[in-house]
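Below is one structure; the comments refer to it alone.
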Amino acid sequence: VQLVESGGGLVESGDSLTLSCTTPGGTFSPFAVGWFRQAPGKERELVARLTRAGSKTYGDSVQSRFTISRNSARNVYYLQMNSLKPEDTAIYYCATQSIMTAPYAYWGRGTQVTVSS
């Protein structure tokens with residue numbers, strides 16, 4: 001499964017961005033899709049997760065600011081990011097989980113989000 005993220009960019013503190021994750025040329029219906037991020041010198045962290053059943057989970061640092069969603073008809077998962085802060089600067093990745101107990105097996109190459117103060 002090939003995943004492609006898009007929508008990153010350079011924004012100012014307080015701005016919004018929407019990231020997209022899709023699989024070109026096909027469909028996918030994983031157990032869950034997660035958005036992760038990794039900043040320079042830091043561990044990769046889970047930002048948001050959406051299961052097939054619609055259950056959503058968010059990291060503490062983005063709770064109430066970020067929203068994960070999907071458009072099943074278009075085969076796209078989104079990460080709406082509001083009230084962005086400089087500490088949100090990172091490469092953002094989407095990944096799929098085939099079953100609840102499985103690791104995230106498929107990853108995109110990431111999209112850079114940079115938030116200036």
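Some points to look at:
- SER72 without any contact (Cβ under 8 Å) to a residue 60 or more places away in the chain, under 21 Å from GLN2 (Cβ atoms) and loosely packed, with under 14 Cβ neighbours inside 10 Å: yes
Let's see how each residue does on (1) out of contact with any strand residue (DSSP E or B) (no Cβ under 9 Å at 6 or more places or on another chain); (2) without any contact (Cβ under 8 Å) to a residue 40 or more places away in the chain:
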position: ASP60; (1), (2): yes, yes
position: THR67; (1), (2): no, yes
position: TYR78; (1), (2): no, no
position: PRO86; (1), (2): no, no
position: GLY108; (1), (2): no, no
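- Set THR51, THR18: member being of a type in the set (Val, Ile, Thr) and either open to solvent by 20 Å² or more (accessible area, probe 1.4 Å) or over 19 Å from TYR104 (Cβ atoms) (or both): THR18
- Restricting SER61, SER29 to residues that are surrounded by fewer than 16 Cβ atoms within 10 Å (Cβ to Cβ), part of a loop (DSSP other than H, G, I, E, B) and touching a helix residue (DSSP H, G or I) at 6+ places or on another chain (Cβ under 9 Å) narrows the list to SER61.
- Of the residues making up segment 98-111, not a single one is assigned to a strand (DSSP E or B), of a type in the set (D, E, K, R) and over 16 Å from LEU17 (Cβ atoms).
- Within segment 32-58, being within 22 Å of LEU10 (Cα to Cα), in a strand (DSSP E or B) and without any contact (Cβ under 8 Å) to a residue 40 or more places away in the chain holds for GLU45, LEU46, ALA48.
- Only a single criterion out of (1) in contact (Cβ under 8 Å) with a residue 40 or more places away in the chain; (2) over 11 Å from THR96 (Cα atoms) is not satisfied by PHE28, namely (2).
The values are calculated or read from the model by the stated rules, or taken from the named source; none is laboratory data. Since the model is a prediction, treat every value here as computed from it, not as a measurement. Note: ideal-geometry Cβ built from the backbone for every residue, glycine included; neighbour counts use all protein chains shown. Surface areas here come from the heavy atoms of the whole protein model, side chains and all, with no ligands, DNA or RNA. Shrake-Rupley method; radii C 1.70, N 1.55, O 1.52, S 1.80 Å.
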